[in-house]
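Below is one structure, written out as structure tokens, with a few remarks after it.
Values in this text are rule-based calculations from the coordinates and carry no lab data. On a predicted model such as this, the values are computed, not experimentally measured, just so you know. Backbone-built Cβ (ideal geometry, glycine too); neighbour counts: all protein chains shown.
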Amino acid sequence: MSKTQDILQFKEQHHITFPVGKARGVAKELRVATIPEIIFLSRNGEFVKRLKGRISYEQLQEGIDEILRYKN
């Protein structure tokens, strides 16, 4: 199985609906500089927060909470 197929299978098994992978156009537009890097966007696609490198569960939860509070 190819890496692309592995990723698609993982997304399906875990019901992941957000974009995952190396979308160069999106990465360039959002100025992704490190891997891993998590960029939180509002429902309207507006930048809310960026986390670089290895993060804790608490940091991830804080980012999720922040986008849930974000008003567009």
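Of note:
- Sparse-neighbourhood loop sites, GluC sites (Glu not before Pro) in the chain - DSSP loop, at most 16 other Cβ within 10 angstrom: Glu46
- In a DSSP loop and with at most 11 other Cβ atoms within 10 Å, the trypsin sites (Lys or Arg not before Pro) in the stretch 3-72 are Lys22, Arg31, Arg43, Arg54, Lys71.
- Computed E for Leu68/Val26 - FRET, C-beta separation, R0 22 angstrom, nearest 0.05: 0.50
- Sum of -39500 (n - 2.57) over DSSP H runs of 4+, divided by residues of the chain (222 nm, nearest 500): -12000 deg cm²/dmol
- Contour minus Cα-Cα distance for Ala33 and Ile7 (0.36 nm per residue): 7.2 nm
- Rounded to two decimals, the Cα-based Rg/Rh of the chain, with Kirkwood Rh, is 0.98.
- The lysine pair count for the chain, using Cα distances under 27 Å and pairs eight or more places apart or on different chains, is 15.
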